[in-house]
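What follows is calculated from the coordinates using simple rules that are stated; it is not laboratory data. Quick caveat: nothing in here was measured; it's all calculated off a predicted structure. Because the Cβ atoms are built from the backbone with ideal geometry, glycine has one as well, and the counts that use them run over all protein chains shown.
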Amino acid sequence: MPDMLPRIGIIGCGAIGSYVAAAIDSKKIPCEVSAVFDILPEAAAELSTSLSSKPPVLPMEELIGKSDIVLEAAGGGAVDSVVRSCVAAGKVLLLVSTGGLKHEHIDLFKCAENGAELHVVSGAIAGVDGILAFAKGDIESITHITRKPPKGLAGAPYLEKNAINTKDISEPLTVFEGSPEEAVAAFPKNVNVAATLALASDAPKKMKVRVVADPGININVHEIEIRTNLGNLFMRVENSPLPSNPRTSALAALSAVATLEKIISKVKIGT
């Protein structure tokens, strides 16, 4: 009898959740969507209807129970409840919203003895394998500059709280400088990359984050410099935004697909 395809439950039916669901539905990944959930029922219903498999729309707990792997793409505010439910149920969690991940969540997975696993996507940057490797040595400093078109930062709490207007700027404007923790709080929908860098490097106190609104670009740019006692790493990643959401880099969605493929594959390439 053939093996059953892995069942993937999708929590969060926005740009990334929908992209991954479509990739599964088109048979690009050998698995099936077991169910979908979104805090907005109409979003979940719309995604289900768009897929040929017409997966059921289920409450989150029921979705987790019927899935082998859970994809979280619902935003940082959902991470705590998703993590705790997946750990309790012994499920594999593929996490997109790195900004909502805390050390206590990681500890829950480390202590789990029921098969629960956590896989964090690289998201909108490359080179996470190198960062993980350099972290085994001594990281001296990390600088992360995020450049986005003004519309990509629209609605960020930090901009609204500080009355920073990016709509009418004609030159690049640095709108934030601070720690990764401060960046995540200031731009919860924009700086998952900063959280991923802090997590992979295990050196958040040595990291500075700068956010720049740049009216001269229509892409999202991440510039990263990591200096260590055994070598240095320099990266510049230029990402086109997903057409369905200018705040989300296309690479973030592609990264979620690639991570899911790596989880279910018997051949794994890279650190």
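Think of each Lys and Arg Cβ as +1 and each Asp and Glu Cβ as -1; about the Cα centre, that makes the dipole of region 1-156 roughly 420 debye.
For a straight C-alpha distance cut-off of 16 angstrom, the lysines reachable from residue 206 (same-chain residues fewer than eight places away being disregarded) are 136. When the chain is treated as a Gaussian network with alpha carbon springs shorter than 10 Å, the biggest mean-square fluctuation among 65, 12, 216 belongs to 216. In the chain the Cα-Cα distances spread across 5 Å bins starting at 0 as 1, 6, 13, 16, 18, 17, 13, 9, 5, 2, 0, 0, 0 percent of all pairs. Using the Cβ-Cβ distance between residue 170 and residue 244 with R0 set to 35 Å, the FRET efficiency works out to roughly 0.80. Only the Cβ atoms of Lys and Arg (+1) and of Asp and Glu (-1) were treated as charged; on that basis the dipole of the chain about its Cα centre amounts to roughly 360 debye. Legend: calculated FRET efficiency, residue 61 to residue 136, from the Cβ-Cβ distance at R0 = 45 Å, rounded to 0.05, equals 0.75.
Ranked by Cβ crowding within 10 angstrom, fewest neighbours first, how are 38, 80 ordered?
In increasing order of surrounding Cβ atoms, one gets 80, 38.
As a length-normalised measure over Cα pairs under 8 Å and 6 or more apart, the relative contact order of region 128-239 settles at 43 percent. Between 213, 185, 163, the Gaussian network model of the chain with springs among Cα atoms under 10 angstrom shows the greatest mean-square fluctuation at 163. Around the Cα centre of region 128-239, unit charges on the Cβ atoms of Lys, Arg, Asp and Glu (plus for the first two, minus for the last two) sum to a dipole of about 140 debye.
Separation of region 87-166 and region 170-212, taken as the distance between their Cα centroids, equals 10 angstrom. Contact order, relative form, for the chain: 19 percent (alpha carbon pairs under 8 Å, 6 or more residues apart, mean separation divided by residue count). With the charge dipole of region 74-220 set up from +1 on Lys and Arg Cβ and -1 on Asp and Glu Cβ about the Cα centre, the Cα lying farthest toward the positive end among the listed residues 159, 85, 109 is that of 159.
Taking springs between alpha-carbon atoms closer than 10 angstrom, which of 122, 85, 26 fluctuates most in the Gaussian network model of the chain? Answer for the Gaussian network model of the chain: 26.
Across region 43-163, the mean sequence separation of Cα contacts (distance under 8 Å, 6 or more residues apart), normalised by length, yields a relative contact order of 18 percent.
For the chain, the residue among 10, 251, 203 whose Cα projects farthest onto the positive side of the dipole built from Cβ charges is 251. Helix screen, the chain: DSSP H segments with Cα axial length of 18 Å or more and mean Kyte-Doolittle hydropathy at least -1.0 are 250-264. From helices alone, the chain scores -9500 deg cm²/dmol at 222 nm; the rule is -39500 (n - 2.57) for each run of n ≥ 4 DSSP H residues, then divide by the residue total. Sorting 222, 103 from the fewest to the most surrounding beta carbons within 10 angstrom yields 103, 222.
Based on alpha-carbon atoms, the Kirkwood radius and the radius of gyration of region 128-239 give Rg/Rh equal to 1.00. Hey, which of these cross-link pairs are over 18 Å Cα-Cα: 28/66; 27/54; 66/91; 189/268? Result: 28/66; 189/268 exceed 18 Å.
Compared with the alpha-carbon gap, the fully stretched path from residue 233 to residue 109 is longer by 41.7 nm at 0.36 nm per residue. Ranking 21, 134, 67 by Cα position along the charge dipole of the chain, where only Lys, Arg, Asp and Glu carry charges on their C-beta atoms, puts 134 farthest toward the positive end. Counting every other Cβ atom within 10 Å of each residue's Cβ, 247, 210 order from fewest to most as 210, 247.
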